[in-house]
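J.: Attaching a single structure in structure tokens format; questions to follow.
Readers should treat all values here as calculations from the given coordinates under stated rules, not as data from a laboratory. Since we're looking at a predicted model, the values are computed, not measured. Positions of Cβ are generated from backbone atoms using ideal geometry, with glycine treated the same way; all protein chains shown enter the neighbour counts.
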Ligand SMILES: Cc1ncc(COP(=O)(O)O)c(C=O)c1O
């Protein structure tokens, strides 16, 4: 064995022995070790290169290898490598100003490190807000089945995916779930607007049945992403916002995936005229180059935290690394690049093109539905198009694996709800070129064609 092979073998062995991987059952095979990346491509330890059509984990929005980001991080590390946000530092201040511009409203920012923590903070802010307004009985949170909001106890309680919660329960009390809009499976030929209104009516009904005076917040992603790429009818968010307003329920919009250009606008909620009470964000805020998240709280909510005569009126929460100066400097450079390249608009234009091309996959019977917005798409695979019976999990995994063997990384919604882990996901860097989109479509076409022919021969 050569020295290079020996050192690779050491890495594989050490990883197999010591690293606990996300969402992966135990196995004794060598892990897939990614060693470097450039543009939309990642290269593994064996020197194989793949087009990363998942932007890491829905986050490398500007693509890999931007020297400017490395430089910004280096310079910030030299100037001020750390200081907590119990005091203040310039990168966080500047980032809050930039994010205010991106959101287009009056917000105040609490910085953390991950999407889970951003949502956790939002849930605490909502509860404390009501308490300070004299309504401490408002503690319940409503969210949707199939949605993911994070891995910490509160965010996981809001998550509507049984398989992510099983064996970790009981979780936090007071979390309720309603059905999400699912235009493919549940709308049953109804007009999208009428269906969107009916789904918002369900929120109204649950609020009424639970007692409006007990509800703190409703939390939703503009599009359910990791849960199966459920794009709601256009009127759903505005209708939901009306229901929340009517009952004094805070509207928290989770933009952890949908934010930063992913859906063709800077934030997913900006496809409507809704102004959320709280917006949570992570991932694309730094394009994954450093950990950072933010909870943007509308000025009128923050007002309730201003009472200087009450020793408990402030948010009594600290997060050592939240708003880390290096992460904030990285975020600022990332947002500057996104603005210079106009990546949100690019995501809209190239996203339309990508969706059009992906719809060519309807040529294959196992493709039940192709949906998406911006550079975010899902392909729902079925064993039978008439009954919409989901393609079995092992077959969905085979499609993803075959696409990878053809040099393209796509994702799938795994460990969500029973029977519906059948959606292949595509979420490439927003810098992707048209020819690279062709490459994604070609690999998926070959992988799906093969699975389709297996499926037909099983009939
Ligand atoms: C919509 C949504 N919210 C929250 C989270 C949690 O983010 P993190 O993994 O950074 O904690 C995720 C993660 O994928 C997500 O997709």
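J.: Viscosity 0.692 mPa s, temperature 37 °C: what is the translational diffusion coefficient of the chain from Stokes-Einstein with a Kirkwood Rh over Cα pairs, rounded to a whole number of µm²/s?
T.: D, rounded to a whole number, is 143 µm²/s.
J.: What percent do you get for the relative contact order of segment 1-145 when only Cα pairs under 8 Å and 6+ apart count?
T.: Relative contact order for segment 1-145 comes out at 9 percent.
J.: Where does each of 380-392, 270-282 land if you order them by average Cβ count within 10 Å, highest first? Provide the component values of the computation, followed by the final result.
T.: Details: 380-392: 16.8, 270-282: 22.5.
So the order, starting with the most tightly packed, is 270-282, 380-392.
J.: For segment 270-327 and segment 214-239, compute the distance between their C-alpha centroids and round to whole Å.
T.: Each part's Cα centre sits 20 Å from the other's.
J.: Among rounded, prolate and oblate, which fits segment 208-337 when a ≥ b ≥ c are the square roots of the eigenvalues of its C-alpha gyration tensor, a/c under 1.5 means rounded, and a/b larger than b/c means prolate?
T.: Oblate is the answer for segment 208-337, as a/c is 1.5 or above yet b/c matches or exceeds a/b.
J.: Now a separate question. What order do you get for 150-160, 209-219, 249-259 when each peptide is scored by the mean count of other beta carbon atoms within 10 Å, highest first?
T.: Final packing ranking: 249-259, 150-160, 209-219.
J.: Percent antiparallel among DSSP beta bridges with both residues in segment 67-340, to the nearest 5?
T.: On the way: 11 of 25 bridges.
So the antiparallel bridges in segment 67-340 amount to around 45 percent.
J.: Once you have a ≥ b ≥ c as the square roots of the Cα gyration tensor eigenvalues for segment 134-287, tell me rounded if a/c is under 1.5, and otherwise prolate or oblate according to whether a/b is larger than b/c. Could the numbers behind the result be given before it?
T.: Numbers: a/c = 1.28, a/b = 1.09, b/c = 1.18.
Rounded shape, in that the Cα axes give a/c under 1.5.
J.: Quick one: compute the contact order of segment 67-340, relative version, from alpha carbon pairs under 8 angstrom and 6+ residues apart, as a percent.
T.: 29 percent
J.: Another question, if that's okay. Determine the relative contact order of segment 334-459: mean sequence separation of Cα pairs under 8 Å and six or more apart, normalised by residue count, in whole percent.
T.: 25 percent
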